[in-house]
Structures are given as C-alpha cells and as structure tokens.
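The values are calculated or read from the model by the stated rules, or taken from the named source; none is laboratory data. As the structure is a prediction and not an experimental result, all values here were calculated from the model. Every residue, glycine among them, receives a Cβ derived from its backbone with ideal geometry; neighbour counts consider all protein chains shown.
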Amino acid sequence: MTVNGTTVDLPYVYARRMPDPFEPKKTVLYVLAADRELSPSVRTEKNEVWSMSLDGKLNAIEFELSADGARWTLRTKLAGGISTSRSPNPFTLQITETKVTGTLALPEPATLGDHSYQFNIPVDTVIEKPIVEPPPTAADRAAAANSPVTKAFLAYVAALRRGDKEGILSAVDPEKAAMARESKEWTQILAMIQSMEPINIVVQKATVSGQDAVE
C-alpha cells in the first residue's frame, strides 16, 4: 500500500464472510490486509481494527466484496480512513467455500481529497469460519466474580458513571489517556462515552489473552 508517497507492506491477509453492513440479509466477503499479525479477537472485530489504526499501531485495508461491487477502507494514520466503493467489483479473485486467491490491486493511483493511494495485494488465504463461543457456565460466572479483570473493568465503569476523569484515564491505554488529558473537548468526549455505556452490566466470563482482556 502506498499512501501519499509512503509505502507500507501488508503481508498478513485474512478473510471471512459477514453480513453486508448496508443490507444485513446479504453476505459479503470481508478481506483484511494488515502490516502486522492479528489475533482472532482483533481481526474479527472491525472496531478493534479501527481503534488500532487511530492509535498508529496498525496500517491496513478492509475490503467488503460481493457480486454487486466492492468497498474498501484504508485504516492508517498516513491518511485517516479513506473509504471508496465501486460497482461492478473491479477485482479478479477465485473464491471457493473455503479459500480466496488472486490479487487486490489498483493499477493506477487513486485520489480522494488531498490524498493519493494505490495498492497491490496478493491474496491466497483460507476463509475463516465464525468462532462460536460456548455460553458461559456457572463456573465461568463464579471465576469472573473474583477476577482482577472484572474488578478493573467494574472500577472503570464506576468511574465513568461518576465522571471521574482520573479514574477513567487510569484504566485506559496511556497514549489515549495523554491525548484525553490535553483535549479541550473532554466534557463532550465524556458525555459521548457515557451515552454509549450500557446501563445494566453483568460479567458472565473474564478471559485474558496476551495483553487483551475480554469480559
């Protein structure tokens, strides 16, 4: 991927089928090309991809492909979130039930606003099946009740509901906390986060994978 003259390799390619964001009754093939290896918990969550790109921890392109056309979004600090769609689908790929091969490429640089970009990504990857998590058991709930992960999460929720700025920022990524401390829009940011937080929260299961905690 080349954006505004800067080239970044995207050697890690993942694929899965998912509901079309605009027509949920239809299915699209979601292909993610990234500059780093991503765990299943990250690569199957578009919000995680978006968040990591905002933090400068990931350069990637997300593709949503169907018989009707193609959409792609560049996730990179080099140019923000450039998003484009074309119909018919301009890419030639061989797609089976289990695998996708071919090339995702723009033969000529494209422009959007002040940005120019181009990509040429070889694809030879398995189409991942959805991960079906078993429902939490009584043992899971009991373990979650005493988990440090749960206690930290609930402390964050309590701070959020109180509007306790330092309590909130002590529980998030240090880089995000530093940005929030310097922001003149903290009041608006807090109101937005509070509006998105569920009212009733019950932790059914707590797991830790690497540096990622999932409730």
Task: Count of the stretch 58-100 residues which are farther than 21 Å from MET1 by Cβ and not small (Gly, Ala, Ser) - done: 8
TODO: Return a yes/no flag: does the stretch 102-125 have any residue that is out of contact with any strand residue (DSSP E or B) (no Cβ under 6 Å at 6 or more places or on another chain), surrounded by 14 or more Cβ atoms within 10 Å (Cβ to Cβ) and polar (S, T, N, Q).
DONE: yes
- [ ] At least 1 residues that are touching a residue at least 40 places away in the same chain (Cβ under 8 Å) in each: list the helices (runs of 4 or more DSSP H) lying fully within the stretch 88-171 that qualify.
- [x] 138-145, 148-162
Task: Which listed residue is touching a residue at least 40 places away in the same chain (Cβ under 8 Å), surrounded by 11 or more Cβ atoms within 10 Å (Cβ to Cβ) and in a loop (DSSP other than H, G, I, E, B), from LYS176, LYS205 - done: LYS205
Open item on the list: If I go through the stretch 93-111 residue by residue, how many of them are farther than 19 Å from PRO11 by Cα and hydroxyl-bearing (Ser, Thr, Tyr)?
Closed with: 3
- [ ] Identify, from the list GLY81, GLY102, GLY113, the residue that is at pLDDT below 95 and at positive phi.
- [x] GLY113
Open item on the list: Can you find, within the stretch 19-34, the residue that is nearest to LEU58 (Cα to Cα) among those that are surrounded by 15 or more Cβ atoms within 10 Å (Cβ to Cβ) and out of contact with any Lys or Arg (no Cβ under 7 Å at 6 or more places or on another chain)?
Closed with: ALA34
Open item on the list: Based on this model, can you work out whether LYS176 counts as at pLDDT 80 or above and among the basic types (Lys, Arg)?
Closed with: no
Task: Filtered residue count, the stretch 51-67, keeping only those that are over 21 Å from THR27 (Cα atoms) and either touching a strand residue (DSSP E or B) at 6+ places or on another chain (Cβ under 7 Å) or not aliphatic (A, V, I, L, M) (or both) - done: 8
Open item on the list: Just the residues that are among the polar types (S, T, N, Q) and surrounded by fewer than 20 Cβ atoms within 10 Å (Cβ to Cβ), please, taken from the stretch 56-72.
Closed with: SER66
